[in-house]
1. Which one is nearest to residue 165 (Cα to Cα) among residues in the stretch 305-341 that are out of contact with any Leu (no Cβ under 6 Å at 6 or more places or on another chain) and basic (Lys, Arg)?
2. Kindly evaluate residue 945 against the criterion of being surrounded by fewer than 23 Cβ atoms within 10 Å (Cβ to Cβ) and either assigned by TED's automatic domain parsing to the domain that holds residue 852 or modelled with pLDDT under 95 (or both).
3. Restricting the stretch 176-201 to residues that are out of contact with any Gly (no Cβ under 7 Å at 6 or more places or on another chain) and closer than 24 Å to residue 148 by Cα, which is modelled with the lowest pLDDT?
4. Give the residues of the stretch 206-217 that are out of contact with any Phe, Trp or Tyr (no Cβ under 6 Å at 6 or more places or on another chain) and either modelled with pLDDT of 80 or more or of a type in the set (Gly, Ala, Ser) (or both), sorted by residue number.
5. Would you point out the residue of the stretch 61-77, among those that are in contact with a Lys or Arg (Cβ under 9 Å, 6 or more places away or on another chain) and crowded, with 20+ Cβ neighbours inside 10 Å, that is nearest to residue 334 (Cα to Cα)?
6. Could you identify the single residue in 143, 107, 96, 124 that is outside the structural domain of residue 191 (by TED's automatic domain parsing), assigned to a strand (DSSP E or B), touching a strand residue (DSSP E or B) at 6+ places or on another chain (Cβ under 9 Å) and buried (at least 18 other Cβ atoms within 10 Å of the Cβ)?
7. Any idea which residue in the stretch 547-574 is surrounded by the fewest Cβ atoms within 10 Å (Cβ to Cβ), counting only those that are of a type in the set (A, V, I, L, M, F, W, C) and part of a loop (DSSP other than H, G, I, E, B)?
8. Which numbered condition trips up residue 929, out of (1) surrounded by fewer than 23 Cβ atoms within 10 Å (Cβ to Cβ); (2) over 25 Å from the mean Cα position of the chain (by Cα)?
Amino acid sequence: MDGRFYSLIILLGSTCTMLIPPSLGITVFAPLNGQGIRGTVTFVQEEPGSKVTALVSIETLWVDPTEYSWSVNEFPVNYGSNPDARCDKSVLGSPTLKLDEIFGKLTLPTESTVILSTDRFNLTGPDGIWSHSLVITSRGQSTCATIDAEAETRFGVAHFTRPMAGSVYFQTLNDRQGTTTSVFSDLFHVNQDRPAASDHVWKLYITDYTSNPRDDLDCNAIQQLWDPDNRQGSSASCSKKAQDSCAAGEMTGKHGKIRVGARQSSFSRKVFMDSSLPAIPYGGRRKIVVVIFHPDRPDNIVGCAAIQKIEPKRGIALVNGYGARVNFTFVQKSPFHPTTSHITGRNLKERAGAFHIHVFPKLAKMKPGDPVCQKTGGHWNPYQVNMADYPQPAGGSDDQFELGDLGGKYGTLAGLDNVTSKYSDQNLPLFGPQSILGRSIVIYRATDGGGGRWICGNIENTQPMLVAMARFKYPLVGTMFFMQEANNPFSETNVFIDGLHYSDGSKNNTLDHPWGVHSGEINKDYYDWRNRCTSAGPQFNPYRVSTETRGYSDCGPSSPLRCQLGDLSTRLQRISVSGTKTGVIHTKRVFTDTNLPLSGRNGIIGKAVVITDDIHPVHRGDRLACVKIQRVYRVKAVAKDWFGNGEKTGVTGRFEFIQDTPFSPVKTFVMLKGLGGIVNNYHVHETSIPIDRTQPCSDHAVGGHFNPFNVTKSPLRGTQDQYEVGDLSGKFDKLRDLNAFDKEYNDTNMELIAPLSVLGRSIVLHKKDRNLRYACADVVRGYSPSEASEFRAIASFHHPEGYVWGYVRFTQLVYNDGSLSDTTIEVNLKYPGQINRNATRNHAWSVFVNRVGHDASVRSLQHRCVAAGYRWNPYFIHLADPNNVDFYAQECSPESPLRCDVGDVSGRLGPISIGENKFILADPNLPLSGPAAVLGRSLIIHAPNKGVDRLACANIDPDKDIIKYANIRKLNNFLLDEFIDEVRKVLGVPDWMLTYDNRQTKDVYGGECIQMLFHFRGPVADRIEQDFDRLLNGREISRPSLEIPGVQNPPTRKSKLPYRTCSNRRPSSQLTNSLGLDTVPKFPSGSSSASRGVAISSVGVLLSVLLSHFLSSVLYSSSRSSPLRRPLQMIHQ
């Protein structure tokens, strides 16, 4: 990588610093980079009033000497604004010092460092130049920089929203001379139609107010002037020249009144230098609040805002692939400081070339060969820099390149194997509307390798994020994501529109749609052909911004706070909708909004996004579509319930996987103990564990490694894309010879979201001896029962005269606010018959509207499953052109799953096979709860080879799970498999509705009995469990537990079992020890507090029975009686 930029900006500043004697007091500097000028101006002063030394070391892109004027201007530089305008007097204010008059004009470039001196100004204090801006101008072009300090600085800001809007920034410098605070205000009226500017008394108050300090305050709760040094009694002598006599919060006495402008401009800004203000406390219970009083009634408070700390923004990007690893870290201290870029790369092997920030984030890979880097849009170039005017890479100033052209600004990666570099970039904001956070970095191949896009990764904010989305379903589909720093509603919100696509069958593209956030709670009127979306109410305007024409004309990207909070189209940009999926890429957008809170009093979660149409049918109104904004919760998966593979295992601990946003890598935590030095590799395998198998981790049980991208050969040490998705030990570290292991990783080659989620699969630990499978655990959802419930459903194909045998299971998290997770689907289907090994492929499968009955088993294909009706389509997909099946088939696909009918599962996930291994899928558009739920409907399996005939069908019912211990007395020649088969036959249930946990099976009472932990599952699990108890107590059941429409109960059917529970005449101490009542029953996640109460009460009953020596067969059971809540019940016989 070209080192010229590094030496000029970083080392050049260091060279200047080396010329400064270390005993001197304070050093401030202005790093210049713009308009072809690069370099540093450093100022040094031993103490206030002493001589100031200026060191100028600047180069230009031209050789001929040029004369420059230079000055210190009022306001700091906002590095998130357009470089062509950021140095204008209208932005930075008037000069406070004309350095031409002090030092003379500058002649650039300089051959060596120019040293100048003066005693006509100070660096800090009330008249200091620190935190102002340095401006250098020649021939009408200017470059500028904030005058920064080497000493420690702290930043805070008070955000105002009404009746004035804007910010008051506090920057505190602690140096050897004491404390100086620069206060920069930019306030303007928004509740009136551009009134005259006004000057206001202002103070700093302290309060015990306990609401979120980052949200709006109740100004009436603020009563006490901030005066930590008890100076309020001497306030009579408080003045600008006697700041030390003022109470800390007496800002008017120290600085004069604060300006509130008629509009946002240089006239709305002021800078105050305060040498007596103590360090503002951040993070405590008591908050410091800026209070502004009425201009004519000075006792009336008109506005207030708490001062919150500004944390440096940090962005990281992990760009890995093809064996190369490049990590980027970006840090910006405040909007008034440049961004520092850190780049570390390994194993490039001269394959890399240019590298750019691109507009869109990288999305998850969906299939082998999916060109994810090709879908990141173009270079991020908000200022429309023309590449034809480029200097050579690293040969110009930052503003001469596209904002996102890092290779242009810093030099390319061509010819490098490894790289470690650091840069200061004045055109790469992390704050403000042009922020790079939420976008992607693409590294290109070297030009001799074709020069195309090579590897890419997303730039993530390192702060915890709050994520919300608006997912449209009718008459267009698409998702808008909103992401903001959690608990900081004044931080920037990243808005990503992942394409908008008409779903009603319209083929035309439409452009320039207004859109915004509205305050109402929408109902089903988004389907209404008349007065559509009227329930969404008016545009959200909690700050009561005046919408009178004259004042509202200021609303726009340059003055976002002058807009209604919900007015996204004016503040950001209008949007488009595509008629076909091929045009969806042109409707994608990424915005950074500085006025869109997700949390707090005025958060938009729970509000509605409304898209309008300037050209619309009169009867419908101008509202085209609307949808509620809902929170997106992080996805967590856990594997911790370990099974030995035919042998006991001592493994404890867990794997945890967390994906914070849909664009984040998966954080992987490996915390294992009891490995015994025999484990080496570990992988995610294809399916879940069959708990009744003696070898539940075998290939037949859980399949092979999860490898959706068909990776065939991996290097010993490579990048994550070179390994199977499930090859965790290949991507990270092996466990060889270890007893315990505790590490965490970022996995850019794994997803917890559809369609390639690892949820519902399993992890297998392999021995170092021949890679034998040693232990395994299912990967299940991790969630708090206080925020969500897990819905479970099953389509059970068990008709004895049916045409398919097996089940399809569905699980989904339903959050308390109605948000839904993806649906995990487990498919395990074959043809009827114990030895039937037939297999067929390419079966379409669908959810139909109605339930089925006798028609599930009729022989005629024309009449089979006819009661199911038609495919479930609650969002009226393709309603405008329902007979154009070719167009529907073209638009509905795994890449556009929302464009499919809810019932068109194969359209989203592809066809399935029958007679092959079990497999796992994840569906983003198959709700188990809500008005579009598939629960209570039917699942249709169509004929093979994409046939349309209905081969088989089953109803989708709640999938309960009752867990229960029982002690069974053995008969002569007792065989466990025969016992289970006989029980299933008498109960009339398939094997997936009655199973047992093989780990908990053991002999008790000296081998007379066997103890087992049973799982009764399916829609009639409670009846199966009750009938099971009757049979073991010697009673008869007159009909099968599972009633099947059209199937008669044969008179020869066996209705009793010879097996019994163990005798209750044994001593209770022996029985208690055998059953394990010395341990606390474990409640499954999702159990309600009421059900736990039932469980505890039942335990008391159980213990009383034990003391009376009358225990029958039950230790405890947990009954998930509905798919929403799974209450635990203690069942006592």
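The values are calculated or read from the model by the stated rules, or taken from the named source; none is laboratory data. Since the structure is predicted, the reported quantities are computational estimates derived from the model, not experimental observations. As a convention, Cβ positions derive from the backbone with ideal geometry for all residues, glycine included, and neighbour counts pool all protein chains shown.
1. Across the stretch 305-341, the extreme among qualifying residues is 309.
2. Working: surrounded by fewer than 23 Cβ atoms within 10 Å (Cβ to Cβ): yes; either assigned by TED's automatic domain parsing to the domain that holds residue 852 or modelled with pLDDT under 95 (or both): yes.
Judged against the criteria, residue 945 is a match.
3. This residue is 178.
4. Correct list: 207, 211.
5. Just the residues of the stretch 61-77 that are in contact with a Lys or Arg (Cβ under 9 Å, 6 or more places away or on another chain), to begin with: 61, 66-75, 77.
Subsequent filtering for residues that are crowded, with 20+ Cβ neighbours inside 10 Å retains 68, 70-73, 75, 77.
Working: 68: 29, 70: 24, 71: 23, 72: 20, 73: 19, 75: 14, 77: 11 Å.
Only one residue tops the list, namely 77.
6. Values: 107 fails: buried (at least 18 other Cβ atoms within 10 Å of the Cβ); 96 fails: buried (at least 18 other Cβ atoms within 10 Å of the Cβ); 124 fails: assigned to a strand (DSSP E or B).
Checking each option against the conditions leaves just 143.
7. Of the residues in the stretch 547-574, the ones of a type in the set (A, V, I, L, M, F, W, C) are 555, 561, 563, 565, 568, 572.
The next check asks that each one be part of a loop (DSSP other than H, G, I, E, B); those that pass are 555, 563, 565, 572.
On the way: 555: 19, 563: 28, 565: 25, 572: 22.
Looking at the filtered set, the residue picked out is 555.
8. The failed condition is (2).
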